[in-house]
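Read through the structure below, which is laid out as structure tokens, and then see the notes.
The values are calculated or read from the model by the stated rules, or taken from the named source; none is laboratory data. Keep in mind that this is a model prediction, so the values were computed, not measured. Cβ: placed from backbone, ideal geometry, glycine included. Neighbour counts: every protein chain shown. Only protein heavy atoms, including side chains, enter the accessible area calculation; ligands, DNA and RNA are left aside. Shrake-Rupley method; radii C 1.70, N 1.55, O 1.52, S 1.80 Å.
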Amino acid sequence: MSAPTVKVRGLYKSFGPAKVLDGIDVDLAPSRINFIIGQSGGGKSVLLKHLVGLLEPDSGEIWYDSRQMVGRSRHDWDALRLKMALLFQDGALFDSMSVGENVSFPVWIRGLAAKEEAARRAKERLRELDMADAFNFRPSDLSAGERKRVALARALIMEPEVLFFDEPTTGLDPLLSEQVDELIKLTLERTGATLVVVSHDIPATLTLAHNIAMINNGRIILSGPPEVFRQSDDPAVRQFLAGEAEGPIGFLD
Ligand SMILES: Nc1ncnc2c1ncn2[C@@H]1O[C@H](COP(=O)(O)OP(=O)(O)O)[C@@H](O)[C@H]1O
Ligand SMILES: [Mg+2]
């Protein structure tokens, strides 16, 4: 697999009486920045957990290129996940380990290389993100922006072909949000991977995304490049954009 096309077809998921995914159809393009947007509580993270095999749908299909993954064994998912990276909002670094140990962790925990080789690769990834000097630091010694870089270096050490970012800028100040947006662009340039960004940050979405898919009431109500969203007359789309886009962009004017 190199940067795969990811296709979701007719994905349904309920938790008890709550229908969260009500027939999701979406295509995520290879080597592109694909955004999934929608209201908080709308099912974005639930969709993402299906894409990485952490949740099993009630029905539907998830295709990675020509491989349909729903119903596959844990072994098949584990093999696929070797080529995936998932970045949560807080980066989830281990404070008890040095930066270098954090970044090399995914390699040596799987026994894929000796510690020395894992450390060498970690240094390389850190250098690419201008963080080489932090190798022996603790995450707690770093600024929030630096920790983001380290978390990204750790995600990149396995040379993933699909990267998932769940709300990477939520709760960050504008300056740090911009840095994270830059990191996402840089990640695409460096890896050519399929990037999937879950967000409700509308300005970032409209500037960064190649493709956007919007979830509403458990379905994708609109998908396409940012222009399609700017031009949409759909009340749910306009309301969402207007509600979230108070800021310097003013694209609704
Ligand atoms: N494991 C779970 N069990 C029960 N309900 C869940 C579970 N995970 C998510 N939900 C519910 O699914 C809905 C969508 O959640 P989520 O995907 O996290 O929304 P968001 O779009 O903000 O990421 C929410 O109502 C949430 O409470
Ligand atoms: Mg979420």
Using a 1.4 Å probe, what is the accessible area per residue for the stretch 113-253, in Å²? 48
What does the helix-only formula give at 222 nm for the chain: each DSSP H stretch with n ≥ 4 adding -39500 (n - 2.57), the total divided by the residues, and the result rounded to the nearest 500 deg cm²/dmol? -11000 deg cm²/dmol
When the chain is treated as a GNM, springs tying every alpha-carbon pair under 10 Å, which of Ala213, Ala155, Ala132 comes out with the largest mean-square fluctuation? Ala132
Net dipole in debye of the stretch 113-197 [+1 Lys, Arg Cβ; -1 Asp, Glu Cβ; about Cα centre; nearest 20]: 360
Just to be sure I understand the model, the point goes 7 Å from the Cα along the line to the Cβ. What's the resulting Ala79 to Ser2 distance in nm? 2.1
Sorted by chain and number, the residues with a modelled amide H under 5 Å from that of Ile212, at a separation of 5 or more or across chains, are Phe35, Gly224
With the dipole of the chain worked out from charges on the C-beta (+1 for Lys and Arg, -1 for Asp and Glu) around the Cα centre, which of Gln89, Ser73, Gly10 lies farthest toward the positive end? Ser73
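Given +1 on the Cβ of Lys and Arg, -1 on the Cβ of Asp and Glu, and no further charges, what dipole in debye does the chain carry about its Cα centre, rounded to the nearest 20?
Working: 29 positive and 36 negative charges, 172 e Å.
The dipole magnitude comes to about 820 debye.
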What list of ³J(HN,Hα) couplings, whole Hz, do you get for the stretch 156-162 from phi and the Karplus terms 6.51, -1.76, 1.60, once you set θ to phi - 60° and write x for glycine and proline? 8, 5, 7, 6, x, 9, 9
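Which whole-number percent gives the relative contact order of the chain, counting Cα pairs below 8 Å spaced six or more residues apart?
On the way: 467 pairs, mean separation 69.3, N = 253.
Relative contact order for the chain comes out at 27 percent.
How do 139-148, 4-13 rank on mean C-beta neighbours within 10 Å, highest first?
4-13, 139-148
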Cβ-based charge dipole, the stretch 91-158, positive-most Cα from Ser104, Met158, Ala114: Met158
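Within the stretch 152-253, list the GluC sites (Glu not before Pro) lying in a DSSP loop whose Cβ has at most 13 other Cβ atoms in a 10 Å radius. Write out the running numbers ahead of the final one.
Numbers: sites: Glu161, Glu178, Glu182, Glu189, Glu227, Glu244, Glu246; in loops: Glu161, Glu246.
Those satisfying the criteria are Glu246.
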Under a 1.4 Å probe, counting only protein heavy atoms, Thr170 has an accessible area in Å², nearest 10, of 50
In order through the stretch 171-180: 3J(HN,Hα) via Karplus (6.51 cos²θ - 1.76 cosθ + 1.60), integer Hz, x for Gly, Pro: x, 8, 6, x, 5, 5, 4, 4, 4, 5
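Using a probe of 1.4 angstrom, how much of the accessible area of the chain is carbon and sulfur, in percent?
Numbers: 5850 of 12090 Å².
Its accessible area is 48 percent carbon and sulfur atoms.
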Please say if the stretch 101-253 is rounded, prolate or oblate, where rounded means a/c under 1.5 for a ≥ b ≥ c the square roots of the C-alpha gyration tensor eigenvalues, and otherwise the choice is prolate for a/b larger than b/c and oblate otherwise? prolate
